[in-house]
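A.B. asks: What follows is a single structure, and I will ask about it in a moment.
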Amino acid sequence: MAQVPAEILLSKRVQEMFLNDEELPPAPYICRDGDTVEEVLAPLSPVPIIDLRLFSSSSTPCTKQQQELEKLRSALSSWGCFQAVGHGISSKFLDMIRQVTREYFEQPMEEKKKQAKGVEEFEGYGADPVPAAGQFLDWSDRLFLQVYPEDQRNFVFWPERPESFRGILEEYSLKMKIVTELVSKAMAKSLNLEENCFLNQYGERAQYQARFNYYSRCQRPDLVLGLKPHADGSGYTTILQDEEGLQVLKDEQWFTVPKLSEAVLVLMGDQMEIMTNGIFKSPVHRVLTSSERDRISVAIFYAPEVNKDFGPEDDLINEERPRLFKKVKDYADTHWEYYQQGQKVL
């Protein structure tokens, strides 16, 4: 039987394939033969937990704040990510985000196709654009939206249903801007830098993009991946998940990120690794699927404004640690070229 071209499959939705009870995934989705890297599926894998309240409260003792800053630096230098608690977003509101995301993907296909994107386009509902020849497809569907700057929003792709979707996304985006400002300042202080240095590199028109992911159940989860192994091309990414499935690669082992209902995962991207001259790591990560349950997540990508040069902070360059990266701009375009070929840039 002839193999169905990736372009044809990407015009369909993975969610439809599962609902149609297709037992064996189409060949372009099959990627896990020979997957030999050891998986560590311990539910309490040691991704560090950082309490952001210790950075925002004026009543926090200096010694306590310094200890948490050292813990933050250690987490980002080794794991490249941490679970953020004390971020100021209530658990009730985080549950609202999860709920409206589920409600969106549970709608009839006709409703979701109102936000449909073309096979080669990025923003909107569907799958990522066609990868390079020989690269497998992700077992997932997603809705990708430009959130900030506000004048870059394309409301053609913003769902009108559920009716609460737009309002909740706007509120969540505003809250995440506050969180990223706090995190950016804390990361700078953890490296003994001026607290606004990273915010200055991102610029006043820093980009925020939201990606709502739906990982359908799969009859053969051992053959597919919800999201292929990759490092993010953003500055950094915040991820809200409802079930376990996200894994981070560390020391040649896959670690499952535990589900903490009150936490938001903060994950470094390549651009943050560049700004810190390689001190903070941009970790490779992937998403598993399950035959028993579906899964959703909401990612907010934070990146420097378009056409803005950025590079390693000068104070992080010395004889012991020479400059590892040159200044770059519009890094996302370069990252995407490599991503489509299954390669890491850095």
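The values are calculated or read from the model by the stated rules, or taken from the named source; none is laboratory data. Because the structure is a prediction, the values reported are computed rather than measured. In this analysis, Cβ positions are derived from the backbone assuming ideal geometry, glycine residues included, and neighbour counts consider all displayed protein chains. Calculation scope for accessible area: heavy atoms of the full protein, side chains included, ligands and nucleic acids excluded. Shrake-Rupley method; radii C 1.70, N 1.55, O 1.52, S 1.80 Å.
A.B. asks: Say whether the condition of being of a type in the set (S, T, N, Q), in contact (Cβ under 8 Å) with a residue 24 or more places away in the chain and out of contact with any His (no Cβ under 7 Å at 6 or more places or on another chain) is met by at least one residue in the range 315-324. Steps first, answer last, please.
C.D. replies: First, the residues of the range 315-324 that are of a type in the set (S, T, N, Q): 318.
Next, from what is left, pick out any that are in contact (Cβ under 8 Å) with a residue 24 or more places away in the chain: none.
Looking for residues that are of a type in the set (S, T, N, Q), in contact (Cβ under 8 Å) with a residue 24 or more places away in the chain and out of contact with any His (no Cβ under 7 Å at 6 or more places or on another chain), one finds none in the range 315-324, hence no.
A.B. asks: Further, regarding this structure: Would you check which residues across the range 116-147 are open to solvent by less than 10 Å² (accessible area, probe 1.4 Å), touching a Gly at 6+ places or on another chain (Cβ under 9 Å) and outside any loop (DSSP other than H, G, I, E, B) and list them?
C.D. replies: The answer is 124, 126, 141, 142, 143, 145.
A.B. asks: Quick check on my filter: what residues within the range 252-296 are in contact with a Gly (Cβ under 6 Å, 6 or more places away or on another chain) and among the hydrophobic types (A, V, I, L, M, F, W, C)?
C.D. replies: Matches in the range 252-296: 268, 272, 287, 288.
A.B. asks: Name the residues in the range 54-109 that are surrounded by 14 or more Cβ atoms within 10 Å (Cβ to Cβ), more than 24 Å from residue 140 (Cβ to Cβ) and not hydrophobic (A, V, I, L, M, F, W, C), would you?
C.D. replies: The answer is 56, 60, 65, 66, 68, 71, 73, 77, 78, 86, 87.
A.B. asks: Kindly evaluate residue 182 against the criterion of being assigned to a helix (DSSP H, G or I), open to solvent by 20 Å² or more (accessible area, probe 1.4 Å) and either of a type in the set (Lys, Arg) or free of Cβ contacts under 8 Å to residues at least 40 places away in the same chain (or both). Quick ask: steps written out before the conclusion?
C.D. replies: On the way: assigned to a helix (DSSP H, G or I): yes; open to solvent by 20 Å² or more (accessible area, probe 1.4 Å): yes; either of a type in the set (Lys, Arg) or free of Cβ contacts under 8 Å to residues at least 40 places away in the same chain (or both): no.
In short, no.
A.B. asks: Can you confirm whether residue 283 is under 27 Å from residue 109 (Cα atoms), in a loop (DSSP other than H, G, I, E, B) and not basic (Lys, Arg)?
C.D. replies: The answer is no for residue 283.
A.B. asks: Does residue 132 fit the bill of being at negative phi and either at pLDDT 95 or above or over 17 Å from the mean Cα position of the chain (by Cα) (or both)?
C.D. replies: Taking the combined requirement at face value, the residue satisfies it.
A.B. asks: Select from the range 206-226 the residues that are more than 20 Å from the chain's Cα centre (by Cα) and open to solvent by 40 Å² or more (accessible area, probe 1.4 Å) and list them in ascending order.
C.D. replies: 217, 219, 220, 222
A.B. asks: Scan the range 299-327 residue by residue and report those that are of a type in the set (Val, Ile, Thr) and assigned to a loop (DSSP other than H, G, I, E, B).
C.D. replies: Correct list: 306, 317.
A.B. asks: Can you name the residue in the range 277-307 that is closer than 24 Å to residue 152 by Cα and of a type in the set (S, T, N, Q) and is also least open to solvent (accessible area, probe 1.4 Å) among such residues?
C.D. replies: 297
A.B. asks: To continue, here is another question. So, residue 206, is that one at pLDDT 95 or above and closer than 16 Å to residue 304 by Cα or not?
C.D. replies: yes
A.B. asks: On to the next question. Find the residue count for the range 248-276, including only residues that are in contact with a helix residue (DSSP H, G or I) (Cβ under 7 Å, 6 or more places away or on another chain), among the charged types (D, E, K, R) and open to solvent by less than 30 Å² (accessible area, probe 1.4 Å).
C.D. replies: 1
A.B. asks: Which pairs have Cβ atoms under 7 Å, sit 6 or more apart or on different chains, and link a residue in the range 100-117 that is touching a residue at least 40 places away in the same chain (Cβ under 8 Å) to one that is open to solvent by 50 Å² or more (accessible area, probe 1.4 Å) and acidic (Asp, Glu)?
C.D. replies: Filtered contacts from the range 100-117: 109/16.
A.B. asks: Scan the range 64-102 residue by residue and report those that are in a helix (DSSP H, G or I), in contact with a helix residue (DSSP H, G or I) (Cβ under 8 Å, 6 or more places away or on another chain) and not β-branched (Val, Ile, Thr).
C.D. replies: Correct list: 64, 65, 68, 69, 70, 72, 73, 76, 93, 96.
A.B. asks: Residue pairs, Cβ under 9 Å, 6 or more apart or interchain, first in the range 236-256 and within 17 Å of residue 296 (Cβ to Cβ), second surrounded by 22 or more Cβ atoms within 10 Å (Cβ to Cβ) and among the acidic types (Asp, Glu). List them.
C.D. replies: The qualifying pairs do not exist here.
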